[in-house]
Amino acid sequence: MIITILEGFNLSEVFELLGIFLAIILFLGFVVVLLALILGYFLVKRNKLLFPKLFLYIMDNFHSMLLRIYLLIGTEDTFYKMGIDFYNRYYQNRFDNAKRKVLILPHCLRDLKCPAKLGTNGIQCVFCKKCPLGDIIKVAKDNNYYVYIVPGSTFIKRILKEKRPDGVFGVSCYRDLFQGMNYLSRKNIAVQGQVLLKDGCICTTLDLEELLYKLKK
């Protein structure tokens with residue numbers, strides 16, 4: 001059908017139509033990015049969440065484009081911080097009312113001499129007190145969380161399939177946490193997250209008091 005329509009045009013007209021179509025796409029992309037930057041500015045600088053559903057759609061579906069543009073004026077971690085802050089605010093009420101909550105912790109919080117072993121459900125904590133994971137797990141379970149210490153994203157996907165949570169709390173570095181929250185948001189799962197104070201994939205640290213406070217809420 002398309003070939004039949006194009007047969008009515010000469011080659012120059014076809015290229016002209018393609019040029020117009022491309023210009024429209026680029027213009028719409030520019031509008032989307034501009035809107036996201038404006039909404040992000042109000043979120044970061046003015047502490048205001050404007051047009052949350054629109055911002056959610058843009059952040060869920062155009063985050064890669066937004067990051068490329070944002071790198072011209074800021075840092076990668078600042079962009080991820082803005083995204084994490086947005087998801088936390090947007091999903092706060094839904095998460096608080098969730099019935100099946102999962103807490104996902106990174107294995108890098110473990111001590112170098114951690115005696116725990118890797119099992120089918122991730123790292124199996126033995127509560128040796130060498131790191132804060134044992135205390136976190138106890139508080140989380142007392143507040144009806146399923147808790148997993150995971151070494152990678154494959155575990156997370158299996159957890160979601162098995163537990164089917166309606167709320168997920170994650171702890172990780174800026175990049176991994178944002179990508180995880182973005183993935184969960186696109187699946188319409190209420191998500192919350194906390195960034196590590198020190199990352200680097202080994203002997204990382206976090207604000208323990210802040211995390212325990214959030215879990216008790």
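The values are calculated or read from the model by the stated rules, or taken from the named source; none is laboratory data. Only a predicted model underlies this, so the values are computations on that prediction, with no experimental measurement involved. Methodologically, a virtual Cβ is constructed for each residue, glycine included, from the backbone with ideal geometry; neighbour enumeration extends over all protein chains shown.
Would you check if there is a residue in segment 74-92 being basic (Lys, Arg), more than 16 Å from the chain's Cα centre (by Cα) and surrounded by fewer than 17 Cβ atoms within 10 Å (Cβ to Cβ)?
no
In segment 196-215, is there at least one residue being at pLDDT 95 or above, in contact with a strand residue (DSSP E or B) (Cβ under 6 Å, 6 or more places away or on another chain) and not hydrophobic (A, V, I, L, M, F, W, C)?
no
Does Ile84 satisfy the criteria of being farther than 26 Å from Glu162 by Cβ, outside any strand (DSSP E or B) and in contact with a helix residue (DSSP H, G or I) (Cβ under 6 Å, 6 or more places away or on another chain)?
no
Pick from Lys129, Lys141, Lys216, Lys198: which is out of contact with any helix residue (DSSP H, G or I) (no Cβ under 8 Å at 6 or more places or on another chain) and under 23 Å from Lys99 (Cα atoms)?
After ruling out the rest, the residue left standing is Lys141.
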